[in-house]
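Asks: Here it is, the structure, as C-alpha cells.
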Amino acid sequence: MTERILNMRKWLPLVAICAGTFMLLVDVTIVTVALPDMSVSLDASLSDLQWVLSLYALVLAALVMTAGSLADRIGRRSVYLGGLVLFAIGSLLCGVSGNVGLLIASRGIQGLAAAAMFATTLALITSSYEGRDRGIAFGAWAAVNGAASAAGPVIGGVLTSNLSWRWIFFVNLPVCVLAIVLTLMAVNESRNPSPQRIDLPGMVSFTVAIAALVYALIRGSWSSGLTLGMFALAAVGLIVFVVVEGRRENPMLDLSLFRNPSFPTVLLAAAALPAAAWAYWAYLTLWLQSVLGLSAIQAGLVFLPASLTTFTVSMVLGRVMHKFAPGRLIGTGMLFIAAGVFAQTTLGPGSGRAVVLPGLFLVGLGAGLVLGPLSAAAMAAVPGPRAGMASGAVNTFRQTGYAFGVAVLGAVFHSKLEDTAGHNLVGQLSNGEAGTLIARGNDVADLVRQAYADALDEILLVATGLSLVAAIAVFVFVRPPRPVAEPKAAPEPSLAADA
C-alpha cells in the first residue's frame, strides 16, 4: 500500500504540468465552434472573430521563447506558477466580457500567461524525472498535447451547446486552481545552475520580429501598406536578432545549433504540424455549421476521431519511442497527416459530415506519431541547463505555424469563395451567412454549397503540400545520433537518450 502511494506521488508533478499544458492548448482551438454564438452575443464582425481566434496564438508565439529564457534564470517553477495565476485572470475576463474589444484584449492576457506556462513544461519534466520515467513522462505529455489540440472543438461544442460560449473560459478556473495546488505540493524549482545575464537585446528583437510576422500573416491584405510594413519590420527584427545572438557569449538562442541540419528541420516540422493538421479546422467548422446546419456540439464531435486517435497513439508511443529513430517517426507522421488531409479533398457540394471522418482519423494518427518524437528530438540538441531555450524554440515554431496556417489558408479560402460565388456573395459567405443564402432557393443554395466545397478542397490541397514538404525534409536531414565508440569518453547524456 505504501509503495502504491509513493508511486502515485511520483507522478503528481506530471499531473500538475499536464493539467496546465492541456488547458492552454485547448484554448487555441476551443473557441472555433463557439464563434457563431460569440458573434450574435457580442455583435462581432468576422474580423473581430478572427482576432478572438488568432490573438492568443500571436502573443503565445511572440513571447514563449522569451519566457523560456527568463525561466532558465529566475526559476521554471516560479514562471509556471505565475503563468497559471495570470491565465486564470485572463480566462475570467474573457468569460465576463460584455463587448468584443474586452474579449480580444483578455485573449491577449491568456496568450501571455500561456507563453510563461508552455515555455517551462518540458524543462520541468526533464528536472522531475530520469531514465525510463522521463520517457513515460514525455509520452504522457505528448499525448496530452495531441489530445488537447484535437479536443478543443469537442469541448467547445459541448460547453457552448449546453451552457454558453462563456463557459469555454470559465471551465479553466478550477483547472488552474488544481494545477497551482499540485505545483506547490509536488514540483521542485528548476533553473540554470550557472545563470547568465538576461539577453535583453535578443529578447526584444526576437519578440518584435515574431509579433510583426504573425500580425502580418493574420491580418492578410497582402498588398496593403500596413501589412507590407509589418513584414519589413519582421525582417529587420530577425536580422537584428541574428546579429545580436551571433555576438553574445550566452545567447538566448544558440545559433550554432543551426549548423546541424537536424535542428532547423525539427523546427520546420514543429511549424508544419499545426499548419497542416489543425489550422484548416476553423474553415471546416464554418462549413459544418453554416452549410450543413450542425449545432456547435455536433460540429465539435466531428473532430472526435482525430482527438481520440492522437491521444491513444501518443500514449502507446511514449512507452516504445526509444526503440525508433525520431526522424523516422516524425517523417512517417507527417506523411499520415498529408494522406489524411488529402483524403478530405473528396468533399463536394452534396457531401455530408461523414466524408471527412476517415481523413481526420489519419490526421490524428499522424499527429500522435509526431508530437512525442518532435519534443524529444528538439530537447536532445540542447544541454540540460538550456532546456528552457529548447522548449521555447519548439513551442514558438508550433504556435507561429498555427498562426501562419490560419492566415494563409484563410486567404486561399476567401479567394476561392470569391472565384466560385462572385464578389457580391463572398462577404456573406465569409461571415458565416451561408444558411441564410441557402434558404433563398435552389439556385443560390447550389452555388453556396459549390463555393464552400471548392474553397475547402483548395485549402486542403495547400495543407497537404505543407505536410509533404516537412515529411521530405525530415527524412532527408534528420539523422539518428551516431553511436559513440567504446574507448572514447562518454558524452554528457542527452534528453533523447534518457527518454
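Just so it is clear, none of the values below were taken in a lab; they were calculated from the coordinates. This one's a predicted model, so the numbers in the text were calculated from it and none came from an experiment. With ideal geometry, Cβ positions are generated from the backbone for all residues, glycine too; neighbour counts draw on all protein chains shown.
Asks: log10 I(q)/I(0), Debye, Cα-only the range 84-193, no solvent, q = 0.13, 0.23, 0.24 Å⁻¹?
Replies: -0.60, -1.38, -1.42
Asks: Could you calculate the contour length gain from residue 236 to residue 130, that is, 0.36 nm times the residue separation minus the distance between their Cα atoms, to one decimal place in nm?
Replies: Value of the extension gain: 34.0 nm.
Asks: Now for a separate question. So if I restrict to the alpha-carbon atoms in the range 233-382, what is the Rg, and what is Dmax, the biggest pairwise distance, in Å?
Replies: 19.1, 61
Asks: At residue 328 and residue 243, where each label point lies 7 Å from the Cα along Cα→Cβ, what is the point-to-point distance in nanometres?
Replies: Distance between label points: 4.6 nm.
Asks: Next up: Starting from the eigenvalues of the Cα gyration tensor, five times each then square-rooted, give me the equivalent ellipsoid semi-axes of the range 200-251, largest first, whole Å.
Replies: That gives 25, 9, 6 Å for the three semi-axes.
Asks: Residues of the range 20-59 with amide nitrogen under 14 Å from the 7 Å Cα-to-Cβ point of residue 99?
Replies: Counting backbone N atoms under 14 Å from the label point, the list is 42-45.
Asks: Hey, rough spin-label estimate for residue 170 and residue 43, points 7 angstrom out along Cα→Cβ, what's it come to in nanometres?
Replies: 2.4
Asks: Quick one: what are the phi-derived ³J(HN,Hα) couplings along the range 347-359, Karplus 6.51/-1.76/1.60 with θ = phi - 60°, whole Hz, x for glycine and proline?
Replies: Calculated HN-Hα couplings, in order: 4, x, x, x, 6, x, 5, 5, 5, 9, 5, x, x Hz.
Asks: About its Cα centre, what dipole magnitude does the range 236-354 give when the only charges are +1 on Lys and Arg Cβ and -1 on Asp and Glu Cβ, stated in debye to the nearest 20?
Replies: 260
Asks: Also, quick follow-up: What order do you get for 350-358, 56-64 when each peptide is scored by the mean count of other beta carbon atoms within 10 Å, highest first?
Replies: Listed from highest to lowest mean packing, they are 56-64, 350-358.
Asks: How big is the Rg/Rh ratio for the range 10-140, C-alpha atoms only, Rh by Kirkwood, two decimals?
Replies: 1.05
Asks: A follow-up question, please. Let's test the formula: R0 of 56 Å, r as the Cβ-Cβ distance of residue 444 and residue 260. What FRET efficiency results, to the nearest 0.05?
Replies: That pair, residue 444 with residue 260, gives E of 0.50.
Asks: With a 10 Å Cβ neighbour count serving as the proxy for reagent exposure, in which order, fewest first, do 96, 242 appear?
Replies: With the fewest neighbours first, 96, 242 line up as 96, 242.
Asks: If you don't mind, another one. Going 7 Å from the Cα of residue 250 in the Cα-to-Cβ direction, what parts of the range 46-89 have a backbone nitrogen less than 17 Å from that spot?
Replies: 66-76
Asks: Subtract the Cα-Cα distance of residue 469 and residue 12 from 0.36 nm times their separation in residues, and report this length gain in nm to one decimal.
Replies: Using 0.36 nm per residue and subtracting the Cα-Cα distance, I get 160.6 nm.
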